[in-house]
Amino acid sequence: MLAVGPVAIAAWMFPRFARLALDAPTMGAGARILHRITRIYAAIGVLVPVFGIATGAGMGILGSTWLIVSMILTALAAALLIALILPNQTRVLRALDAGEDTPRDLAPDSITRRLGMLTGVFNLLWVIVVVLMIYRPGSTTGVGL
């Protein structure tokens, strides 16, 4: 979870800083830093499922429904981050750097609104995974249902 927390927070904060940068270009530095944090911790976050699968295999629980659901949600969150969040952050930063007129659907303000929604879904997926990892429904270890 040490790798997931920073990427979740940085991705969540990026749209706000990008909107501030639209009004005050000096605020663009904050958006750039948040994008860098998101990018770096996304790469580090690849290790989370690797260690999770190794731990699950060691415990003999890879067939547990709650773990399978967690892995699917983790894959969805990763796909959302890689396919939509990071590219849109890059588009916003390029548009802010260019300072040129862009088509309405590519304008930084419309992209930041979409990013706000996407990061909300991304973080919701992680909350569900965390709850599943802690509560472990159906677990035979005495925790969960």
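Summary of values
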quantity	calculated
Size of electric dipole in the chain: Cβ of Lys, Arg +1 and of Asp, Glu -1, about Cα centre, debye, nearest 20	140
Chymotrypsin sites (Phe, Trp or Tyr not before Pro) within the stretch 19-117, DSSP loop, no more than 16 other Cβ atoms inside 10 Å	none
Whole-number accessible area per residue in Å² for the chain, which is evaluated in the context of all protein chains at 1.4 Å	58
For the chain, Kirkwood radius (reciprocal of mean inverse C-alpha pair distance, Å)	16.4
Exposure of THR74 as accessible area (Å², to 10), given a probe of 1.4 Å and all protein chains	20
Extreme residue, positive dipole direction of the chain, given options ALA10, TRP126, ALA21 (C-beta unit charges)	TRP126
Whole-Hz ³J(HN,Hα) from phi, Karplus 6.51 cos²θ - 1.76 cosθ + 1.60, for the stretch 68-78, glycine and proline x	5, 4, 4, 5, 5, 5, 5, 5, 5, 4, 5
Tilt relative to the chain, helix 47-59 - C-alpha long axis, 0 to 90 degrees, to 10	10
For the stretch 16-70, radius of gyration divided by Kirkwood radius, i.e. Rg to Rh on alpha-carbons	1.34
Label-to-label distance, nm, for residues given as SER110 and LEU84 (7 Å Cα→Cβ offset)	1.7
Of all accessible heavy-atom area on the chain, the percent that carbon and sulfur account for (1.4 Å)	71
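The values are calculated or read from the model by the stated rules, or taken from the named source; none is laboratory data. Everything numeric in this text was worked out from a predicted model, so none of it was measured. For neighbour counting, all protein chains shown are included, and Cβ atoms are generated from backbone atoms with ideal geometry for every residue, glycine included. Protein only, heavy atoms only, side chains kept; ligands, DNA and RNA dropped before computing areas. Shrake-Rupley method; radii C 1.70, N 1.55, O 1.52, S 1.80 Å.
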